[in-house]
1. For region 350-360, name all the residues that are within 17 Å of L328 (Cα to Cα) and surrounded by fewer than 23 Cβ atoms within 10 Å (Cβ to Cβ).
2. Would you pick out the residues in region 272-308 that are at positive phi and either part of a helix (DSSP H, G or I) or at pLDDT 95 or above (or both)?
3. Quick one: is R74 touching a residue at least 60 places away in the same chain (Cβ under 8 Å), assigned to a loop (DSSP other than H, G, I, E, B) and closer than 25 Å to A126 by Cα?
4. Can you find, within region 56-74, the residue that is farthest from E476 (Cα to Cα) among those that are surrounded by 19 or more Cβ atoms within 10 Å (Cβ to Cβ) and aliphatic (A, V, I, L, M)?
5. Within the bounds of region 248-259, is there any residue that is out of contact with any strand residue (DSSP E or B) (no Cβ under 7 Å at 6 or more places or on another chain), in contact (Cβ under 8 Å) with a residue 12 or more places away in the chain and within 23 Å of T381 (Cα to Cα)?
6. Go through the residues of region 403-421 one by one and say whether even a single one is hydroxyl-bearing (S, T, Y), at pLDDT 95 or above and surrounded by fewer than 23 Cβ atoms within 10 Å (Cβ to Cβ).
7. Residues of region 40-99 being under 21 Å from A117 (Cα atoms) and among the acidic types (D, E), which ones?
8. Restrict the check to region 527-535 and report whether at least one residue is closer than 25 Å to L387 by Cα and either assigned to a loop (DSSP other than H, G, I, E, B) or at pLDDT 95 or above (or both).
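The values are calculated or read from the model by the stated rules, or taken from the named source; none is laboratory data. It should be emphasised that the depicted structure is a prediction, and the values quoted were computed from it without experimental measurement. Glycine gets a Cβ as well: all are built from the backbone with ideal geometry, and neighbour counts include every protein chain shown.
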Amino acid sequence: MQKSMSAKKAENGKASGAGRQASANRALFRNDAPISGGEAIVRSLLENGVDTVFGLPGAQMYPFFDGLYQASDRITTYGARHEQGTAYMAFGYARSTGRPGVFSVVPGPGVLNAAAAISTAWACCAPVLCITGQLPSEFIGRGRGHLHEIPDQIGTLRSLCKWAARIERPADVPRVMNEAFRHMLSGRPGPVAVEMAWDVMTNREQVSFTGPAVLDAAPDPDPEAVARSAGLLLAAKRPMLMVGSGAQHAAKEVRALAEALDAPVSAMRGGRGIVSEAEPLGVSAYAARLLWEDTDALVAIGTRAEMAYMRWTGMTRLIDRPQAPPYLIRIDIDPTEMLRLKPHAGIVADSAAGARALLDAVVALKRPRRDNRKAILAAKTKAAKALRKVQPQVDYLEVIREALPRDGFFVTELCQAGFASYTSFPVYAPRTYVSEGFQGTLGAGFQTALGVKVANPDKPVVSITGDGGFMFGVQELATAVQYGIGLVTVLFNNESFGNVRRDQETRYQGRVIGADLVNPDFMKLASSFGIKGQRVHSPADLKPVLTRAIAADEPCLIEVVVPRGSEVSPWEFLVSGRAGESPPAPETKRP
């Protein structure tokens, strides 16, 4: 029988007990003894409160991983079977907690293998730190073909990250690492990276540590911008709030503002759960679409407002002020967002502080109380009824929602059930709906979910995935077993890249190419990894199996067999156009 997560951790703890017993006395924790560059990075992680690292060691990173071993009583290290897995796990850790997710890979191919996950973290404003190596100092930039050399690695990282830098000597570690944490966590969070040359990683010198990074203070809400925003809302009869990843920490303030405005609150992906969809003002993306044409003011908080201005009203007025609804108010900590989509009133501030300031201003103006609850309830009821047609996905999602506690985590993926979950999986708590964001990275879900479970070991985590995406990271089943990560994975097997296949059938006269898949026997595959597996064929079959799997808190793979081509498209509920209308075929002419 598969060991429980807690038992597995206890076993791992015994195996490394000798190292842990002596670690507190190591030079790593003494300011007066020389330490290696790798050890100094570990000490800096400790200074900044990091207790978990995902990694895949290699020659250039040996001193760093040796430092992790020495600090194993204070930092838990999770190995992986692919560099992409380490980065996605760090992303899942960060996305579900708001805390830094840290991973380490070798330079060159290791960094490139992790690049998809880094770009996903950038898309989702997730604080992820990449720690990597470099060639020996004398070979950097010479193009001699040293092991793992790629052209301009630091430039590559800077093109993917919010910030990246090279650490030139061990003594520089505290300053550069604190700068990395400052950039990662200040303002709009995002991924950062540090690299260190092979020889510098090994060199030893005295290093002075000065404590954790000091973050930049968030800008105070501008009183004039707040007053202008409140003035627009004073006259609004049917306002709406739209929230994104940048508001996940501001649930209390967002809810209070919504109550004061009697306004529905919705989100596409990143902001789901900030206001529970079980509450009267919490609405799904499709219910929000039904309310959109009567909306006369949109308050977008910590979001690009993709759903409203890239899906519902098209992409023709992304720079100039949008025309529907009449007024757009934005609250965002990133001032450049006010240029990317110009609002009629923009508050540059942390989401919580901005929402609180706007609430105070609205209350002070004594905005007349509107009664929009009947219209909101009608839209929610109509949306739920309309979405019933997206089968069998909706029935399966209802089973998962019923089995998963309200504070449990649901990690989606680019599969037919995943797309349907954007509108048909109610979310009740912040950060509990974890997606790949606008990056749309196929294969992210299962690997990300492992990091979510590591970060939240006492809460159930369910990953849904398709057969295509799952195979991008199937090797991480071994990681789940090795570390006792109690993730429940629901694999929808339609023997295809379902979206691609549907588009080829409907838009290219059935010329299907590269979309049909030949899969392994997933139950035998699970068994070969030492994981419990079960195959089901209906939502009724899934319910008891999933309930038992969640209760067991062990790695588990549940295969849901879905006949190829049987799933109803959810896209009419997700794209632009009037609610419920099918989207037009894309323009196929080349410029």
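1. Once the filter is applied, which keeps residues that are within 17 Å of L328 (Cα to Cα) and surrounded by fewer than 23 Cβ atoms within 10 Å (Cβ to Cβ), region 350-360 yields only L359.
2. To start, the set of residues in region 272-308 that are at positive phi comprises 273, 302, 305.
Across region 272-308, the qualifying residues are G273, G302.
3. In short, no.
4. Step by step, filter region 56-74, then rank; the result is A71.
5. Within region 248-259, one or more residues are out of contact with any strand residue (DSSP E or B) (no Cβ under 7 Å at 6 or more places or on another chain), in contact (Cβ under 8 Å) with a residue 12 or more places away in the chain and within 23 Å of T381 (Cα to Cα).
6. There is no residue in region 403-421 that is hydroxyl-bearing (S, T, Y), at pLDDT 95 or above and surrounded by fewer than 23 Cβ atoms within 10 Å (Cβ to Cβ).
7. Scanning region 40-99 gives D51, E83.
8. Initial filter on region 527-535 (closer than 25 Å to L387 by Cα): none.
Looking through region 527-535, none of the residues is closer than 25 Å to L387 by Cα and either assigned to a loop (DSSP other than H, G, I, E, B) or at pLDDT 95 or above (or both).
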